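These notes concern the structure reproduced below.
The values are calculated or read from the model by the stated rules, or taken from the named source; none is laboratory data. The structure displayed is predicted, hence computed values, not measured ones. Here the Cβ positions follow ideal geometry from the backbone for every residue, glycine too, while neighbour counts run over all protein chains shown. We work out accessible area using only protein heavy atoms, side chains counted, and drop any ligands, DNA or RNA first. Shrake-Rupley method; radii C 1.70, N 1.55, O 1.52, S 1.80 Å.
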Amino acid sequence: MVSRLPGLALRVCQGMPMPAVSPRRPHGQPADSAPPLRHDWTPAEVEALFDLPFPELLFRAAAAHRHHFDPAEVQVSTLLSVKTGGCPEDCAYCPQAQRYHTGVDATKLMSTEDVVEKAKQAKAAGASRFCMGAAWRSPKDRDIPKVAAMIREVKALGLETCATLGMLSGTQATALREAGLDYYNHNIDTDPEFYDAIIRTREIQDRLDTLEHVRDAGMKTCCGGIVGMGETRRQRAGFLRTLANLPAHPDSVPINRLVQVEGTPLHGTEALDPFEFVRTIAVARLLMPQSMVRLSAGREDMGDELQALCFLAGANSIFYGEKLLTTGNPDTERDQALFARLGLRPMHVSVDADGHDHGGTVHADIVAEAPAARSAGRPCAA
Ligand code: SAM
Ligand code: DTB
Ligand code: SF4
């Protein structure tokens, strides 16, 4: 039997209206009180946010969250590894890099039929976005029509589509967009200053170039990284500052807590203080107030209390389903119980007949206040 998050099937499939009463912003706070989105954060400003007393930081982040979103709503994505392992890159955290002995077997690209079956299951279980990942440095041109077919069929199920396939050329990005791809995930992963300690086989500039191709093709960007890789607080601030100072804030910002996999160079790294992880979420929310901040890898080892703190700090998206790409994620029953315990609801997303998605990313009145959000390619509210 397929389990599902309460209420989601109706919300996604039938485009049910949002609740009439929505605590998106504190009582009495006028709509025009949100400061404009910034892309000029200095290191000192971001570090000062990290250094705030924990309750003050959480209060500010929660206020920013409520201003732009319903804090009871969490966007739900499901991941599928459509091509696993055998990757030529050297990312020190990654179980799929061929050069490390992690026990992950390399597979060929899955068939479209099998991907669609998994997407149907994800939708039935309550996901609104389906993200297809491939362990590639970059796709070969001959792979693009195969991935495009998957995107078209997943989109036809009424799901938002996302892919993460490595570096893309401008032509490849356009072809994926034309197939109906809504989001492209490509992470900067860490502070440019710490980057060389983690990845040597491609430059951070290569990643920024891919993000530019994705934006130019008209897709939404999903871009974040990993914390707990041995970076300092200053470098965590540098990582978030780099994201916030991009030409457009990423529409989704996945914050992964390192999943330590035996065989990778980062296995055995000292674990990050959980409160420092919550601070990272809170600062991401403050720097990129209109973005979806995703509590990504690492949830399997987090208690409900830590996840609740992350939602309080402004996280409003998760990966849902027993598996990430190759590692574990909380099982769906545990997430359903967590949502029920915290009074959270899956975020309403509908995909119309033309394949345009209408997500809960920003409220219509907020869009009107912030034209920058539109130029960043965010969906208009339904
Ligand atoms: N190969 C493509 C690429 O690197 O862009 C797409 C897949 S890659 C696995 C996507 C992201 O997963 C990485 O950028 C990284 O942020 C995250 N990731 C990979 N291994 C992880 C780990 N052990 N812990 C946390 N996040 C991880
Ligand atoms: C992202 O930032 N996190 C996801 C998604 N984008 C593709 C991947 C997490 C992978 C964790 C390790 C694994 O399962 O292999
Ligand atoms: Fe390859 Fe992506 Fe893993 Fe790096 S993160 S080794 S590029 S699959």
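Is it the case that some residue within the range 118-127 is within 30 Å of Arg99 (Cα to Cα) and either hydrophobic (A, V, I, L, M, F, W, C) or open to solvent by less than 30 Å² (accessible area, probe 1.4 Å) (or both)?
Of the residues in the range 118-127, the ones within 30 Å of Arg99 (Cα to Cα) are 118.
Subset that is either hydrophobic (A, V, I, L, M, F, W, C) or open to solvent by less than 30 Å² (accessible area, probe 1.4 Å) (or both): none.
The answer is no, given that none of the residues of the range 118-127 is within 30 Å of Arg99 (Cα to Cα) and either hydrophobic (A, V, I, L, M, F, W, C) or open to solvent by less than 30 Å² (accessible area, probe 1.4 Å) (or both).
Which residues, counting only those in the range 128-137, are open to solvent by 30 Å² or more (accessible area, probe 1.4 Å) and touching a helix residue (DSSP H, G or I) at 6+ places or on another chain (Cβ under 8 Å)? Full working, then the answer.
Looking only at the range 128-137, we keep the residues that are open to solvent by 30 Å² or more (accessible area, probe 1.4 Å), and these are 136-137.
The one that is open to solvent by 30 Å² or more (accessible area, probe 1.4 Å) and touching a helix residue (DSSP H, G or I) at 6+ places or on another chain (Cβ under 8 Å): Trp136.
Residue check, Leu243 against (1) touching a strand residue (DSSP E or B) at 6+ places or on another chain (Cβ under 9 Å); (2) more than 10 Å from ligand 1 (Cβ to nearest atom); (3) part of a loop (DSSP other than H, G, I, E, B), all met but one. Which one?
(3)
Take the residues in the range 248-265 that are open to solvent by less than 30 Å² (accessible area, probe 1.4 Å) and more than 26 Å from Leu211 (Cα to Cα), then tell me which one is farthest from ligand 2 (Cβ to nearest atom). Give the steps one after another, and end with the answer.
To start, the set of residues in the range 248-265 that are open to solvent by less than 30 Å² (accessible area, probe 1.4 Å) comprises 248-256, 258, 261, 264.
Filter once more, keeping what is more than 26 Å from Leu211 (Cα to Cα): 261, 264.
Working: Val261: 7, Thr264: 10 Å.
That would be Thr264.
Tell me, which residue of the range 246-255 that is of a type outside the set (A, V, I, L, M, F, W, C) and touching a residue at least 60 places away in the same chain (Cβ under 8 Å) is nearest to ligand 1 (Cβ to nearest atom)?
Applying the first criterion (of a type outside the set (A, V, I, L, M, F, W, C)) to the range 246-255 yields 247, 249-252, 254.
Pick out the ones that are also touching a residue at least 60 places away in the same chain (Cβ under 8 Å) and you get 247, 249, 251-252, 254.
Details: Pro247: 20, His249: 18, Asp251: 16, Ser252: 13, Pro254: 7 Å.
The extreme case among them is Pro254.
Which pairs have Cβ atoms under 9 Å, sit 6 or more apart or on different chains, and link a residue in the range 182-205 that is closer than 26 Å to Met132 by Cβ and without any contact (Cβ under 8 Å) to a residue 60 or more places away in the chain to one that is away from ligand 2 (no atom under 16 Å from the Cβ) and polar (S, T, N, Q)?
If the second residue must be away from ligand 2 (no atom under 16 Å from the Cβ) and polar (S, T, N, Q), the pairs left are Thr190/Gln235.
Just one of the numbered conditions (1) surrounded by fewer than 19 Cβ atoms within 10 Å (Cβ to Cβ); (2) more than 16 Å from ligand 3 (Cβ to nearest atom) is not true of Lys140; which one?
Result: Lys140 fails condition (2) only.
Being among the β-branched types (Val, Ile, Thr) and either farther than 14 Å from Gly224 by Cα or within 16 Å of ligand 3 (Cβ to nearest atom) (or both) is true for just one of Val283, Val261. Which residue is that?
One residue alone meets the criteria, Val261.
Those residues that are open to solvent by 10 Å² or more (accessible area, probe 1.4 Å), within 16 Å of ligand 2 (Cβ to nearest atom) and within 22 Å of Val154 (Cβ to Cβ), I need them from the range 187-213; list them, please.
Asn187
Does Leu109 meet the test of being within 12 Å of ligand 1 (Cβ to nearest atom) and either over 20 Å from the mean Cα position of the chain (by Cα) or in contact (Cβ under 8 Å) with a residue 40 or more places away in the chain (or both)? Give the steps one after another, and end with the answer.
Details: within 12 Å of ligand 1 (Cβ to nearest atom): no; either over 20 Å from the mean Cα position of the chain (by Cα) or in contact (Cβ under 8 Å) with a residue 40 or more places away in the chain (or both): yes.
For Leu109, the condition - within 12 Å of ligand 1 (Cβ to nearest atom) and either over 20 Å from the mean Cα position of the chain (by Cα) or in contact (Cβ under 8 Å) with a residue 40 or more places away in the chain (or both) - is not met.
Of all residues in the range 229-247, which are buried (at least 24 other Cβ atoms within 10 Å of the Cβ) and either on the phi > 0 side of the Ramachandran plot or basic (Lys, Arg) (or both)?
Residue satisfying the conditions is Arg236 alone.
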